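Structure, as structure tokens:
The values are calculated or read from the model by the stated rules, or taken from the named source; none is laboratory data. Treat the numbers as computed from the prediction; the structure is a model and nothing was measured. Here Cβ is always computed from backbone atoms with ideal geometry, including for glycine, and neighbour counts include all displayed protein chains.
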Amino acid sequence: MKLAIYPGSFDPVTNGHIDILEKTSKIFDKINVAVIHNVYKQALFTLEERVQLIKESTRHLDNVEVDCFSGLLATYLEDKEVCAIIRGLRTVTDFEYEMHMAMMNKKLIREIDTIFVMSDTDYIFVSSSAVKEAALLGGDVSSLVPPAVKIGLEEKLKARRET
């Protein structure tokens, strides 16, 4: 079985992430979306909320599962029979960053390759950070995120206004 890992913070998952999953779900037998707590980012959603939002947003993809982890990706992958790490690319800047990460991962876990997948042109500008910022400032992000995420963002906004 060809198992791939799609790691990221997914805070929140966007239509760009879903696009990458839809493309790669045709290539791999199984994809594990591995949600990590990124210590360098201020998370809007908890790990549990992000896992749930991804599960709801990928129900149409039978071969996608969601998990969470903390720490080094190489450590997380030690006991898994993974053939590839999936990474989405939007821009040349993404490629430069992701290439360095792929080389580091290759050094740490030689038997696993990183597969780069280009985002659909509709999502090249979409990032979780931009979605959060736009939503928090009252922008309509419904075309950028799955419906479950739109609802989750509205609930977060409402909770912030009430505090």
Residue ID - surrounded by the most Cβ atoms within 10 Å (Cβ to Cβ), chosen from residues in region 23-33 that are aliphatic (A, V, I, L, M) and under 13 Å from the mean Cα position of the chain (by Cα): Val33
So is Ala43 out of contact with any Pro (no Cβ under 9 Å at 6 or more places or on another chain), modelled with pLDDT under 95 and part of a helix (DSSP H, G or I) or not? no
Applying the selection to region 75-90, what residues are β-branched (Val, Ile, Thr) and exposed (fewer than 13 other Cβ atoms within 10 Å of the Cβ)? Thr75
Which residue, of Ile36, Ile20, is under 18 Å from Pro147 (Cα atoms) and within 10 Å of the chain's Cα centre (by Cα)? Ile20
When you go through (1) in a loop (DSSP other than H, G, I, E, B); (2) free of Cβ contacts under 8 Å to residues at least 40 places away in the same chain one by one for Ser143, which number turns out not to apply? (2)
Within region 4-17, restricting to residues that are assigned to a strand (DSSP E or B) and either touching a residue at least 60 places away in the same chain (Cβ under 8 Å) or basic (Lys, Arg) (or both), the one that is surrounded by the fewest Cβ atoms within 10 Å (Cβ to Cβ) is Pro7
Which condition breaks for Val145 when tested against (1) closer than 26 Å to Glu49 by Cβ; (2) more than 16 Å from the chain's Cα centre (by Cα); (3) β-branched (Val, Ile, Thr); (4) surrounded by 12 or more Cβ atoms within 10 Å (Cβ to Cβ)? (2)
Keeping to region 60-74, report how many residues are in a strand (DSSP E or B) and buried (at least 18 other Cβ atoms within 10 Å of the Cβ). 2
Would it be correct to say that Ala130 is surrounded by 14 or more Cβ atoms within 10 Å (Cβ to Cβ), more than 30 Å from Leu157 (Cα to Cα) and of a type in the set (Gly, Ala, Ser)? no
Among the candidates Arg161, Arg110, residue that is exposed (fewer than 14 other Cβ atoms within 10 Å of the Cβ), without any contact (Cβ under 8 Å) to a residue 60 or more places away in the chain and assigned to a helix (DSSP H, G or I): Arg161
Out of (1) within 23 Å of Thr91 (Cβ to Cβ); (2) touching a residue at least 12 places away in the same chain (Cβ under 8 Å), the odd one out for Tyr40 is which? (2)
Can you find even one residue in region 75-94 that is touching a residue at least 24 places away in the same chain (Cβ under 8 Å), of a type in the set (Phe, Trp, Tyr) and not in a helix (DSSP H, G or I)? no
Please state which one of Ile31, Ile20, Ile54 is touching a residue at least 40 places away in the same chain (Cβ under 8 Å) and in a strand (DSSP E or B). Ile31
Candidate set: region 37-51, residues that are of a type in the set (D, E, K, R) and under 14 Å from Cys68 (Cα atoms); chosen: the one surrounded by the fewest Cβ atoms within 10 Å (Cβ to Cβ): Glu48
